[in-house]
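The values are calculated or read from the model by the stated rules, or taken from the named source; none is laboratory data. Since this is a predicted model, take the numbers as computed values, not measurements. Cβ atoms come from the backbone with ideal geometry, glycine included; neighbour counts cover every protein chain shown. Just so you know, the surface numbers come from the protein's heavy atoms only, side chains and all, with ligands and any DNA or RNA stripped out. Shrake-Rupley method; radii C 1.70, N 1.55, O 1.52, S 1.80 Å.
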Amino acid sequence: MKIKEIYETMSYGPAPESAEEAIQFLDNHKRKFNLFINGKWVAPSSKEYFDSINPSTKEKLAQISEANEADVNKAVAAAKRALPEWANVGGHQRARYLYALARQIQKHSRLFAVLESLDNGKPIRETRDIDIPIVIRHFYHHAGWAQLRDTELKDYKELGVIGQIIPWNFPLMMLAWKIAPAIAMGNTIVLKPAESTSLTALLFAEICEQIGLPNGVVNIITGHGKTGATLVEHKDVNKIAFTGSTEVGKIIRRATAGTGKKLSLELGGKSPFIVFEDADLDSVVEGIVDAIWFNQGQVCCAGSRLLVQESIAEKLYKKIRTRMESLRIGNALDKSIDIGAIVDKSQLKVITDLVQLGVDEGSTLCQPSWACPKEGYFYPPTMFTDVSPSATIAQEEIFGPVLVAMSFRTHKEAVKLANNTRYGLACSVWTELRTSI
Ligand code: ADP
């Protein structure tokens, strides 16, 4: 394209981030990853591996180990062995390790960001500017708490071996949220990343090796749900920290009941995004872009239910439709896209099926006129209007870029509609009103 033509359209050209360093990392491991147990890379007892796919291209990135019961036993035993020394080394020493982890992630932040985008399909702008900086802050922040534990948190005692099971929507960020506070307080870890996004956890394992974290303090085992279930059931695990679907959360709740294991669960949502007639609608539209199209809508606290006052509903829908038209979708490594790929084929099917159900149940579907690229697992930004509060798409979490809109007349009705869900999590209210409602 000539510069003169670019000036006429003012459209963005492709701006791909280089994947060279990330490819080098994968090649250094011969595209085949073992388990990180007791500070060493060990082949899985099952001898089984599964593929990790780049959802923007459907290309295979690497083979990942499937950990079985013998591997889970090894990892938990390593964490248990490491526990007394890690607890006794004291807050100051642990702070130094956490600080070193933060520093090394910071040093390799571009590699982490690219690898995350390759593996998950989320835009590089988000991994580079949001996910990885937050991960780094977490390790620095908890380095501070490790140091302060002996003076500020005198009553705190480590729980022991913690099994951590995380999902695929913010892979490294979830790892940081779980690992940083737990090791700061003197616990040791067995972490299982989600099967579709294990790569940044494995790079993190390499960082643990590089900084000389004592063996067994952090163990990373990969695999599917069965690996997670085996970890949950292990008798020497003192706590399970889980983030993922409500369905699996319930299974874990049942599996741990009566065992004395501590448990933290972070599950689904269907959060309301409430817009009153006096709101600044252009700000609202940008709020909606962040609420439901950020990370392809694969966010537990996504603002997936738009509740809008009837008097401005049509006006707002029109603005949203116009904005949808200008969103850009494409390869996660392109710096000038807004929306990346859906994490994998099965999740794409879940979204497609639920959208079809929305149409079948009588809601009005709105999608942009442009088509998604064919080479990856892409789904366009989507909005449903004319949705009844009891419709499946108004009640079930879709976990994709699908906004479900309903209107209300009075404040009371807005609150009723907002609460008409089994979920909690988030809510946002858009109004210029300064008095309480
Ligand atoms: P999502 O909708 O985020 O994929 P899942 O709950 O299926 O949610 O997955 C979140 C994590 O839980 C993943 O690491 C997955 O492998 C793990 N997992 C799935 N089934 C089980 C189970 N029965 N017990 C323990 N962990 C599980």
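In the range 367-425, what residues are within 24 Å of residue 55 (Cβ to Cβ), touching a residue at least 60 places away in the same chain (Cβ under 8 Å) and of a type in the set (Ser, Thr, Tyr)?
Scanning the range 367-425 gives 377, 379.
Name, by its number, the condition in (1) open to solvent by 60 Å² or more (accessible area, probe 1.4 Å); (2) over 23 Å from residue 127 (Cβ atoms); (3) under 22 Å from the mean Cα position of the chain (by Cα) that does not hold for residue 354.
For residue 354, the exception is condition (1).
Give the range 168-208 a look and list any residue that's away from the ligand (no atom under 14 Å from the Cβ), outside any helix (DSSP H, G or I) and either closer than 20 Å to residue 74 by Cβ or of a type in the set (Val, Ile, Thr) (or both), or say none.
Of everything in the range 168-208, those that are away from the ligand (no atom under 14 Å from the Cβ), outside any helix (DSSP H, G or I) and either closer than 20 Å to residue 74 by Cβ or of a type in the set (Val, Ile, Thr) (or both) turn out to be 187, 188, 189.
Pairs under 6 Å by beta carbon, first residue over 16 Å from residue 347 (Cβ atoms) in the range 242-255, partner part of a helix (DSSP H, G or I) and near the ligand (Cβ under 7 Å from one of its atoms), six or more apart or different chains?
242/252; 252/232; 255/232
Give 67, 87, 77 a once-over and let me know the one that is crowded, with 21+ Cβ neighbours inside 10 Å and in the same structural domain as residue 173 (by TED's automatic domain parsing).
The match here is 67.
Of the residues 343, 429, which is among the aliphatic types (A, V, I, L, M) and in a loop (DSSP other than H, G, I, E, B)? Can you show your working first?
On the way: 429 fails: in a loop (DSSP other than H, G, I, E, B).
The conditions single out 343.
Looking only at residues in the range 266-284 that are of a type in the set (A, V, I, L, M) and more than 10 Å from the ligand (Cβ to nearest atom), which one is farthest from residue 430 (Cα to Cα)?
Narrowing the range 266-284 to residues of a type in the set (A, V, I, L, M): 267, 274-275, 279, 281, 284.
Going one step further and asking which of them are more than 10 Å from the ligand (Cβ to nearest atom), we end up with 274-275, 279, 281, 284.
Working: 274: 6, 275: 5, 279: 6, 281: 9, 284: 7 Å.
Per the criteria, the residue is 281.
Could you please tell me which pairs satisfy a Cβ distance under 6 Å, a separation of 6+ or placement on different chains, a first residue in the range 261-286 that is at negative phi and part of a helix (DSSP H, G or I), and a second residue that is of a type outside the set (Phe, Trp, Tyr) and open to solvent by 20 Å² or more (accessible area, probe 1.4 Å)?
Every condition considered, the pairs that remain are 281/319; 285/319; 285/323.
Return the residues of the range 1-44 that are polar (S, T, N, Q), within 29 Å of residue 59 (Cβ to Cβ) and either in contact (Cβ under 8 Å) with a residue 40 or more places away in the chain or surrounded by 12 or more Cβ atoms within 10 Å (Cβ to Cβ) (or both); say none if nothing qualifies.
Within the range 1-44, 18, 34 qualify.
Does residue 369 qualify as being over 18 Å from residue 294 (Cβ atoms), of a type outside the set (Lys, Arg), in contact with a helix residue (DSSP H, G or I) (Cβ under 8 Å, 6 or more places away or on another chain) and open to solvent by 30 Å² or more (accessible area, probe 1.4 Å)?
Judged against the criteria, residue 369 is a match.
Look at residue 252 and say whether it is within 10 Å of the ligand (Cβ to nearest atom) and open to solvent by less than 40 Å² (accessible area, probe 1.4 Å).
yes
Under the condition of being without any contact (Cβ under 8 Å) to a residue 60 or more places away in the chain and not in a loop (DSSP other than H, G, I, E, B), which residue from the range 45-58 is nearest to the chain's Cα centre (by Cα)?
Looking at residues that are without any contact (Cβ under 8 Å) to a residue 60 or more places away in the chain and not in a loop (DSSP other than H, G, I, E, B), I get 51.
Which residues, counting only those in the range 123-157, are open to solvent by less than 50 Å² (accessible area, probe 1.4 Å), of a type in the set (A, V, I, L, M) and farther than 30 Å from residue 15 by Cα?
Residues satisfying the conditions are 143, 146, 153.
Please count how many residues of the range 216-243 are assigned to a loop (DSSP other than H, G, I, E, B), within 12 Å of the ligand (Cβ to nearest atom) and on the phi < 0 side of the Ramachandran plot. Can you show your working first?
We begin by selecting, within the range 216-243, every residue assigned to a loop (DSSP other than H, G, I, E, B); these are 216-217, 221-224, 234-238.
With the extra rule that they be within 12 Å of the ligand (Cβ to nearest atom), the set shrinks to 221-224, 234, 237.
Now drop any that are not on the phi < 0 side of the Ramachandran plot, which leaves 221-222, 224, 234, 237.
Looking only at that region, the number is 5.
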